[in-house]
Structures are given as structure tokens and as C-alpha cells.
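**Student:** Quick one: this structure, given as C-alpha cells, is what I'll be asking you about.
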Amino acid sequence: MHREKRSGSLSTLELRRDKFVELRSGSLGVRLAETESEKDAARALRYRVFYEEMGAIPNESIRNLKRDFDEYDDFSDYLLVIDYNKISDHERVVGTYRLIRKENADKAGGFYSRAEYDLSVLQEYPGNLLEVGRSCVHPQYRNRSAMQLLWEGIAAYIFYYRIDILFGCASFPGTDPDQYAEILTYLYQTQLAPPALLVKALPERRVEMLRVDPHHLDHFRCRLELPPLIKGYLRLGGYVGDGAVIDQQFNTTDVAIILKTELIADKYYRHYERRLRDALEF
């Protein structure tokens, strides 16, 4: 019933089902990668951010190529923020997200997050699934414009492919969960997903999120100290899964994020409906 309610807005997108539409803001644009060179530029940006800046540990191939990649990249779409004032692809790609739809995850043998979480409840959920990950932005572009474009791109992708559930792992820097004891407890106490969406950390990798007495939490401070990406998901109505996971390779403490996309429709799409419609006009 909810999809019927917004079908009038979606009909505009259907005018160009052959192409994912680029959205622009000044010199910046957001769209899917169209060439191998653009995909390579995204992997190079991921390497600079994850390995050189954030201290991830590369294997020999990643270190030699200075590219972040794994077996899932061949089954993914690359969402890019592009600065058209730059000349080469490797300069122009200043932000990226890796997007894996269920039909492509099945070809890859499963979703990337299955190495950390039991995704069976999502696999049983009716509708289309989208896993998001490998999100990063060049340090010089970590401002409202670039981040806003990434959100717009994801929203447009969701409507284009009729995605019902968006999920993935979001990270805290470092591998000491006690550093985030209050925030992890806050997330567990206030943002835990309902049973139909509650993914759980694999038993052998599970880190307890309930780490302090929840009655003594300063909720305002916890919300303030959330990483921007996690804060953004929660503002759109997202939930967290049960249990954190330590990712030694990427030097992070991960939590699962689950988001019903109808909430994006209610809170996000109406604001950008005009921009999406204008972009689709011939």
C-alpha cells in the first residue's frame, strides 16, 4: 500500500529506466561508474582512505597495486562523486560507495557482510535487498556538498532498483570496543532492530554491545559522538543489529545497520523529488 502511495513520484524515474540519472551540485556530480578507469579510481581512493589514512592492513596484492579490492568488486555497482573541475579520473573521483544488490550477491556466493553477521532474517524478508559498504570521501571533500550528493545518489539508486531493505556494516575507528562502551550500549538500548530485521553477529566474532549500565547513559552525548555515517543512517530511521564485530584488517569496530527504504521515501525523497524530476527531463 505504501508503494502505491508514492507511485506517482516513481513514475518520473521510469521515464529513463535505461540509465541511472546523474545529479549535479556545482562542479560535483553523483552517478554510477561507467568505465573500468572510473572503477579503478574508486578502488585507489578507497586504498588512500582505508589503508594510508585509517591504518587498514593490506595483503600483498593490495599493497603492491595500492588499490582496495576483493572478490565482491566484480559484482558491485560503484556510486561515485565526481569533481568535473579535475581532468583525470583518478583526480575526479572524490567519493564512493560500493553497492551490491541481492541478485549480484547471489552470483558472488553471498553478501560481504555474511563474514560478520548472520543475514538469514534478511534473506527471508520479502523484497529487494541492497548491501552498502566501502564508503569513503577524499579528505578535501568531506563537506556537506559531497556527503549530501552521496545520500542523494543512494536514494536515487533505491528508487531506480525498487530496493526494500538497505543494510551493511558501519564502523568506529579502532579495535577496542571499550573505547565506545557507552555509544555501543546506547545503540543496543535505543536502536536495536525489530525481530524481522534483527541480524546477529556470528557467535565466533560477536562482541557484546551492552557494556555499561544503560541507566547512567547521557543520550545526548552519545548521539553527538556517533560517527557521521551511523548518525545519518539513524536519522533516516535505521536500526542496528545485535552484536558488534572487530575487523582487524580494516582496524575498525563494526555494527550492522539495517534500514527500510520506505523511511527514506518519507524523510528524504520528498525533499529531492524536484531535483530528481528535473534531472530526468529530456
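**Student:** Would you pick out the residues in segment 54-88 that are within 15 Å of Gln249 (Cβ to Cβ) and either out of contact with any Ser or Thr (no Cβ under 9 Å at 6 or more places or on another chain) or acidic (Asp, Glu) (or both)?
**Tutor:** If the condition is that a residue be within 15 Å of Gln249 (Cβ to Cβ) and either out of contact with any Ser or Thr (no Cβ under 9 Å at 6 or more places or on another chain) or acidic (Asp, Glu) (or both), then Gly55, Ile57, Pro58, Asn59, Glu60, Ser61, Ile62, Arg63, Asp68, Asp70, Glu71, Tyr72 are the ones that fit.
**Student:** State all residues of segment 57-76 that are farther than 19 Å from Glu131 by Cβ and within 20 Å of the chain's Cα centre (by Cα); if no residue qualifies, say none. It would help to see each step written out before you state the result.
**Tutor:** First, pick out the residues of segment 57-76 that are farther than 19 Å from Glu131 by Cβ: 57-67.
Within segment 57-76, Arg67 is the sole residue that qualifies.
**Student:** For Gly95, all conditions in the list (1) over 15 Å from His138 (Cβ atoms); (2) of a type outside the set (Ser, Thr, Tyr); (3) outside any helix (DSSP H, G or I); (4) at pLDDT 95 or above hold save one; what is the number of the exception?
**Tutor:** With (1) over 15 Å from His138 (Cβ atoms); (2) of a type outside the set (Ser, Thr, Tyr); (3) outside any helix (DSSP H, G or I); (4) at pLDDT 95 or above applied to Gly95, the lone miss is (1).
Let's see how each residue does on (1) acidic (Asp, Glu); (2) in contact with a His (Cβ under 8 Å, 6 or more places away or on another chain); (3) at pLDDT below 95:
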| position | (1), (2), (3) |
| --- | --- |
| Ile87 | no, no, yes |
| Glu91 | yes, no, yes |
| Phe111 | no, no, no |
| Tyr117 | no, no, no |
| Tyr125 | no, no, yes |
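**Student:** Across segment 68-95, which residue is surrounded by the fewest Cβ atoms within 10 Å (Cβ to Cβ) among those that are closer than 14 Å to Ser25 by Cβ and of a type in the set (Val, Ile, Thr)?
**Tutor:** Among them, the one singled out is Val94.
**Student:** Here's a follow-up. Answer yes or no as to whether Arg275 is surrounded by fewer than 20 Cβ atoms within 10 Å (Cβ to Cβ), over 20 Å from Met147 (Cβ atoms) and either at pLDDT 95 or above or not aliphatic (A, V, I, L, M) (or both).
**Tutor:** Values: surrounded by fewer than 20 Cβ atoms within 10 Å (Cβ to Cβ): yes; over 20 Å from Met147 (Cβ atoms): no; either at pLDDT 95 or above or not aliphatic (A, V, I, L, M) (or both): yes.
Against the criterion (surrounded by fewer than 20 Cβ atoms within 10 Å (Cβ to Cβ), over 20 Å from Met147 (Cβ atoms) and either at pLDDT 95 or above or not aliphatic (A, V, I, L, M) (or both)), Arg275 does not qualify.
**Student:** Which one of these does Pro126 not meet: (1) surrounded by 15 or more Cβ atoms within 10 Å (Cβ to Cβ); (2) closer than 18 Å to Thr261 by Cβ?
**Tutor:** Unmet condition: (1).
**Student:** Which one is farthest from Ile257 (Cα to Cα) among residues in segment 191-205 that are outside any loop (DSSP other than H, G, I, E, B) and within 21 Å of the chain's Cα centre (by Cα)? Steps first, please.
**Tutor:** First, pick out the residues of segment 191-205 that are outside any loop (DSSP other than H, G, I, E, B): 192, 195-197, 200-201.
Keeping just the survivors that are within 21 Å of the chain's Cα centre (by Cα) gives 192, 196-197, 200-201.
Numbers: Leu192: 9, Ala196: 14, Leu197: 10, Lys200: 11, Ala201: 12 Å.
The qualifying residue farthest from Ile257 (Cα to Cα) is Ala196.
**Student:** In segment 142-192, what count of residues is obtained for those that are of a type in the set (Asp, Glu) and in contact with a Leu (Cβ under 8 Å, 6 or more places away or on another chain)? Break it down into steps so the answer makes sense when it comes.
**Tutor:** Kept after step one, since they are of a type in the set (Asp, Glu), are these residues of segment 142-192: 152, 164, 176, 178, 182.
Filter again for in contact with a Leu (Cβ under 8 Å, 6 or more places away or on another chain), leaving 152, 164, 182.
Number of matching residues: 3.
**Student:** What do you reckon, is Tyr188 hydroxyl-bearing (Ser, Thr, Tyr), within 21 Å of the chain's Cα centre (by Cα), assigned to a helix (DSSP H, G or I) and at pLDDT 95 or above?
**Tutor:** Spelling it out, Tyr188 is indeed hydroxyl-bearing (Ser, Thr, Tyr), within 21 Å of the chain's Cα centre (by Cα), assigned to a helix (DSSP H, G or I) and at pLDDT 95 or above.
**Student:** Which condition breaks for Phe220 when tested against (1) free of Cβ contacts under 8 Å to residues at least 12 places away in the same chain; (2) closer than 18 Å to Arg101 by Cα?
**Tutor:** (2)
**Student:** Quick check on Arg211: is it within 26 Å of Leu119 (Cβ to Cβ) and over 21 Å from the mean Cα position of the chain (by Cα)?
**Tutor:** Numbers: within 26 Å of Leu119 (Cβ to Cβ): yes; over 21 Å from the mean Cα position of the chain (by Cα): yes.
When the stated conditions are applied, Arg211 passes them.
**Student:** Is it the case that segment 46-54 has a residue that's in contact with a Phe, Trp or Tyr (Cβ under 7 Å, 6 or more places away or on another chain) and either polar (S, T, N, Q) or in a strand (DSSP E or B) (or both)? Let's see the steps before the verdict.
**Tutor:** Filtering segment 46-54 down to residues in contact with a Phe, Trp or Tyr (Cβ under 7 Å, 6 or more places away or on another chain) leaves 50.
From the residues that got through so far, the ones that are either polar (S, T, N, Q) or in a strand (DSSP E or B) (or both) too are none.
So far as segment 46-54 goes, no, none of its residues is in contact with a Phe, Trp or Tyr (Cβ under 7 Å, 6 or more places away or on another chain) and either polar (S, T, N, Q) or in a strand (DSSP E or B) (or both).
**Student:** Going by the structure shown, is Tyr160 part of a helix (DSSP H, G or I), more than 22 Å from Lys231 (Cα to Cα) and touching a residue at least 60 places away in the same chain (Cβ under 8 Å)?
**Tutor:** Details: part of a helix (DSSP H, G or I): yes; more than 22 Å from Lys231 (Cα to Cα): yes; touching a residue at least 60 places away in the same chain (Cβ under 8 Å): yes.
Answer is yes for this residue.
**Student:** Let me ask another. Go through (1) at positive phi; (2) touching a helix residue (DSSP H, G or I) at 6+ places or on another chain (Cβ under 7 Å); (3) at pLDDT below 95 one by one and return the number of the condition Phe20 breaks.
**Tutor:** Only one criterion in (1) at positive phi; (2) touching a helix residue (DSSP H, G or I) at 6+ places or on another chain (Cβ under 7 Å); (3) at pLDDT below 95 is unmet by Phe20, namely (1).
**Student:** For the subset of segment 180-205 comprising residues that are closer than 12 Å to Thr253 by Cβ and without any contact (Cβ under 8 Å) to a residue 60 or more places away in the chain, which member is surrounded by the fewest Cβ atoms within 10 Å (Cβ to Cβ)? Before you say what the answer is, go through the steps one by one.
**Tutor:** Residues of segment 180-205 that are closer than 12 Å to Thr253 by Cβ, as a first pass: 180-181, 183-184, 187, 201, 205.
In the following step, the residues that additionally are without any contact (Cβ under 8 Å) to a residue 60 or more places away in the chain were identified as 181, 183.
Working: Ala181: 15, Ile183: 25.
That would be Ala181.
The values are calculated or read from the model by the stated rules, or taken from the named source; none is laboratory data. Quantities reported herein were computed from a predicted structural model and do not represent experimental measurements. Quick reminder, even Gly has a Cβ in these numbers, built from the backbone with ideal geometry, and neighbours come from all protein chains shown.
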